[in-house]
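To start, the structure under review is shown below, and the notes come after it.
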Amino acid sequence: MNETGTVLITGGSRGIGAATARLAAASGHAVCITYATQPAAAEALVAQIRAAGGQADCLQADVGDPDVAESLLDRLPPALPPLRGLVNNAGITGPLGGFAQATRATLQQVLDVNVLGTMLLTQQAVRRWCAAGQGGVVVNVSSIAATLGAPGEYVHYAASKAAVEAFTVGLAKELAEEGIRVNAVSPGTTLTEIHATAGEPGRPQRVAARIPMRRPGEAPEIAEAIVWLLSDKASYVTGSVLKVAGGL
Ligand code: NAP
């Protein structure tokens, strides 16, 4: 996409989403970020981007609620330019542990946020782009867990991200002639709060030894790949799953 449109980034208040919003704005995109529970973090990021001369706004939205995901695009701030990019970044793991111990509520929540939320929001975007005869770009944030399986940690999460990757590949082929590109970035272990939320803040350090580069990633390193896929520099790239995982 060229830099005249808005990129919507779900879960943009912190972590990989916030790093993506910063870099996208610095690259000339208008950005709209969503958050679930932390308005102060989202508003502070919007203020930083605006202070640097960028265009930004934020919205509260639990993308795990199908009604919210389906109506989110109706709530885009009218002052922003038309939507041209969507980054389905919001994602949750549920608590770390063996699959036998995972509750039905955890399985439901992880699938609702990571899979159904991504699908419903993408559906709204592509319907609009197709109706307007305009192209667009979708970048889904998967996880290296989709191919490794995350045994003993969160196999349900790994399965949800495998669904995101299959969705990416199929939708890219379905929409290629419409001028809509669909790709995914598959991060490895990255230094964000997701690990503390899952119950082990020190997980990145614990697993570093099994990463070929022997270190976790930083959120801005993942953002680089996402923003490249959004850009026209990736104009011939669709249906790709780009691993940004230190060799994992
Ligand atoms: P994070 O630091 O935990 O941040 C999660 C973000 O998602 C926050 O902005 C949060 O909003 C938002 N969010 C959570 N639940 C939501 C919901 N139901 N609806 C809307 N937004 C919601 O996570 P992260 O590590 O940056 O992860 C971002 C993406 O990368 C996820 O898809 C994750 O699966 C993927 N990933 C992460 C890693 C890693 O090691 N960090 C590795 C592979 C893949 P609030 O701040 O308002 O709560």
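The values are calculated or read from the model by the stated rules, or taken from the named source; none is laboratory data. Computed from a predicted model, the values in this text were never measured in an experiment. Neighbour counts are summed over all protein chains in view; Cβ atoms, including those assigned to glycine, are modelled from backbone coordinates with ideal geometry. Calculation scope for accessible area: heavy atoms of the full protein, side chains included, ligands and nucleic acids excluded. Shrake-Rupley method; radii C 1.70, N 1.55, O 1.52, S 1.80 Å.
Worth a mention:
- Residue within region 1-18 that is among the aliphatic types (A, V, I, L, M) and modelled with pLDDT under 95 present: yes
- Asp112 more than 19 Å from Ile180 (Cβ to Cβ), open to solvent by 70 Å² or more (accessible area, probe 1.4 Å) and acidic (Asp, Glu): no
- For region 7-50, the set of residues classified as outside any helix (DSSP H, G or I) and within 16 Å of Val141 (Cα to Cα) consists of Val7, Leu8, Ile9, Thr10, Gly11, Gly12, Ser13, Arg14, Ile33, Thr34, Tyr35, listed by residue number.
- Pairs where the first residue, in region 171-186, is among the charged types (D, E, K, R) and the second is in a strand (DSSP E or B) and open to solvent by less than 10 Å² (accessible area, probe 1.4 Å), C-beta under 6 Å, 6+ apart: Arg181/Val137
- Any chance Ile211 is of a type outside the set (D, E, K, R) and either within 19 Å of Ala162 (Cα to Cα) or modelled with pLDDT under 95 (or both): no
- Residue count, region 1-19 (criterion: in contact with a Leu (Cβ under 9 Å, 6 or more places away or on another chain) and more than 13 Å from the ligand (Cβ to nearest atom)): 4
- Annotation: of all residues in region 20-31 being surrounded by fewer than 24 Cβ atoms within 10 Å (Cβ to Cβ) and under 17 Å from the mean Cα position of the chain (by Cα), the one that is farthest from Ala225 (Cα to Cα) is Arg22.
For every residue, the table says whether it meets (1) in a loop (DSSP other than H, G, I, E, B); (2) among the basic types (Lys, Arg); (3) touching a residue at least 60 places away in the same chain (Cβ under 8 Å); (4) over 24 Å from Tyr154 (Cβ atoms).
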residue	(1), (2), (3), (4)
Gly54	yes, no, no, yes
Cys58	no, no, no, yes
Asp62	yes, no, no, no
Leu73	no, no, yes, yes
Pro77	yes, no, no, yes
Leu86	no, no, yes, yes
Gly94	yes, no, yes, no
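- Lone unmet requirement of (1) under 15 Å from the mean Cα position of the chain (by Cα); (2) farther than 20 Å from Thr106 by Cα; (3) free of Cβ contacts under 8 Å to residues at least 60 places away in the same chain for Ala219: (3)
- Within region 187-208, the set of residues being of a type in the set (S, T, N, Q) and either near the ligand (Cβ under 7 Å from one of its atoms) or touching a residue at least 40 places away in the same chain (Cβ under 8 Å) (or both) comprises Thr189, Thr190, Thr192, Thr197.
- Looking across region 83-95 at every residue that is more than 10 Å from the ligand (Cβ to nearest atom) and among the small types (Gly, Ala, Ser), the one that is nearest to Thr34 (Cα to Cα) is identified as Gly85.
- The set of residues in region 20-42 that are of a type in the set (Gly, Ala, Ser), within 8 Å of the ligand (Cβ to nearest atom) and either touching a residue at least 60 places away in the same chain (Cβ under 8 Å) or closer than 15 Å to Thr197 by Cβ (or both) comprises Ala36, Ala41.
- Among the residues making up region 96-113, those that are part of a loop (DSSP other than H, G, I, E, B) and either within 16 Å of the ligand (Cβ to nearest atom) or of a type in the set (Gly, Ala, Ser) (or both) are Leu96, Gly97, Gly98, Ala102.
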